Amino acid sequence: MTNQTLTETIRRNLGSVQQQIAAACERSGRPAASVKLVAVTKYADWDWVKTLAKFHSAFGENRPQQLAERSPLLPDAEWHLIGQLQRNKVRQALQHASVIHSVDSSKLLRRISLLAAELQVRPQILIQVNISGEDSKSGFTENELTAEWDSITQEQGHVDIIGLMTMAPASRELQEAQAVFRGLSRLKSELCSHPASVSSGITLSELSMGMSGDFEVAIEAGATIVRIGSRLYDGLQTQ
Ligand SMILES: *Cc1c(COP(=O)(O)O)cnc(C)c1O
């Protein structure tokens, strides 16, 4: 594939995703600018990412290692870590991502907060919630999060807790995804009116939900960040 074809393919894919985002926003009575697209690059060849970077500047990686390799090559981009984070990779993650979507335990949050202080950075944090309750999914259950919310809000010293993140069930049923997204949106409202949120100034303005197969439904349920990978690379084949 020539460079020109690659550029055209990526531009067309990005354009069509952006149009669908705008249309979903309009159906929900929201401005298109209320949804941020994080372009997920985990399966993308480096060439594709570089090409995408001509048109787009927010990227998501799900492994800290690949994040650490790629983010220095595009230093002006905004990098998000969206995948599971092990405690021994926190330092690496903080050095390369400004937003972490996958904080799935209080222990991990505490570790992030500690290292953020040491590295003098202030990451934006999303708390990952396992709304569907599937065993295979990581994240707080709703009950855990509600029970631990008081202590979570006390970690605001060195991080900004900006919102919640979830993944829809693996099933291809859009209705199931919709139920999960609505569940996260409801949980956000509940947590926002929690006295601990009010006293610590946490507003949870962001809902990170929706991927290639279900982002329109997610936007209709209130997503403010969608994480989209494969749709951007339609028609391309990895080397
Ligand atoms: C891979 C991944 C995505 C993007 O998935 P696509 O179906 O390729 O759009 C979004 N979020 C997370 C956490 C991922 O790991």
Just name the residue that is nearest to the ligand (Cβ to nearest atom) out of those in segment 219-239 that are touching a Lys or Arg at 6+ places or on another chain (Cβ under 7 Å), under 28 Å from residue 156 (Cβ atoms) and not small (Gly, Ala, Ser). 225
Whether any residue in segment 152-164 is within 16 Å of the ligand (Cβ to nearest atom), farther than 25 Å from residue 122 by Cα and either surrounded by 14 or more Cβ atoms within 10 Å (Cβ to Cβ) or at pLDDT 95 or above (or both) is what I want to check. no
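Is it fair to say residue 28 is farther than 17 Å from residue 221 by Cβ and either touching a strand residue (DSSP E or B) at 6+ places or on another chain (Cβ under 6 Å) or of a type in the set (S, T, N, Q) (or both)?
On the way: farther than 17 Å from residue 221 by Cβ: no; either touching a strand residue (DSSP E or B) at 6+ places or on another chain (Cβ under 6 Å) or of a type in the set (S, T, N, Q) (or both): yes.
In short, no.
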With respect to the numbered conditions (1) aliphatic (A, V, I, L, M); (2) closer than 26 Å to residue 16 by Cα; (3) surrounded by fewer than 19 Cβ atoms within 10 Å (Cβ to Cβ), which one is the sole condition not fulfilled by residue 209? (3)
Just need a number here: residues in segment 48-67 that are in contact (Cβ under 8 Å) with a residue 60 or more places away in the chain and more than 12 Å from the ligand (Cβ to nearest atom). 2
So how many residues does segment 18-47 have that are surrounded by fewer than 21 Cβ atoms within 10 Å (Cβ to Cβ) and part of a helix (DSSP H, G or I)? 13
Please specify each residue of segment 114-141 satisfying the condition of being in contact with a helix residue (DSSP H, G or I) (Cβ under 8 Å, 6 or more places away or on another chain) and farther than 25 Å from residue 36 by Cα. 115, 117, 119
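Considering only residues that are part of a helix (DSSP H, G or I) and either within 14 Å of the ligand (Cβ to nearest atom) or free of Cβ contacts under 8 Å to residues at least 12 places away in the same chain (or both), which ones fall in segment 200-218? Please lay out each step first, then the result.
First, pick out the residues of segment 200-218 that are part of a helix (DSSP H, G or I): 200, 215-218.
Within segment 200-218, 215, 216, 217, 218 meet the criteria.
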For a quick check of your reading of the model, give me the residue pairs whose first member lies in segment 145-169 and is over 23 Å from residue 221 (Cβ atoms) and of a type in the set (A, V, I, L, M), whose second is within 16 Å of the ligand (Cβ to nearest atom) and at pLDDT 95 or above, with beta-carbon atoms closer than 6 Å and at least 6 apart or on different chains. 159/125
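Could you run through segment 219-239 and say how many residues are on the phi < 0 side of the Ramachandran plot and either surrounded by fewer than 19 Cβ atoms within 10 Å (Cβ to Cβ) or part of a loop (DSSP other than H, G, I, E, B) (or both)? Write out each step before concluding.
To start, the set of residues in segment 219-239 that are on the phi < 0 side of the Ramachandran plot comprises 219-221, 223-234, 236-239.
Applying the additional criterion that residues be either surrounded by fewer than 19 Cβ atoms within 10 Å (Cβ to Cβ) or part of a loop (DSSP other than H, G, I, E, B) (or both) yields 220-221, 223-224, 229-231, 234, 236-239.
Final tally of qualifying residues: 12.
The values are calculated or read from the model by the stated rules, or taken from the named source; none is laboratory data. All figures in this text were calculated on a predicted structure; none of them were measured in a lab. Don't worry about glycine lacking a Cβ; one is built from the backbone with ideal geometry, like all the others, and counts go over all protein chains shown.
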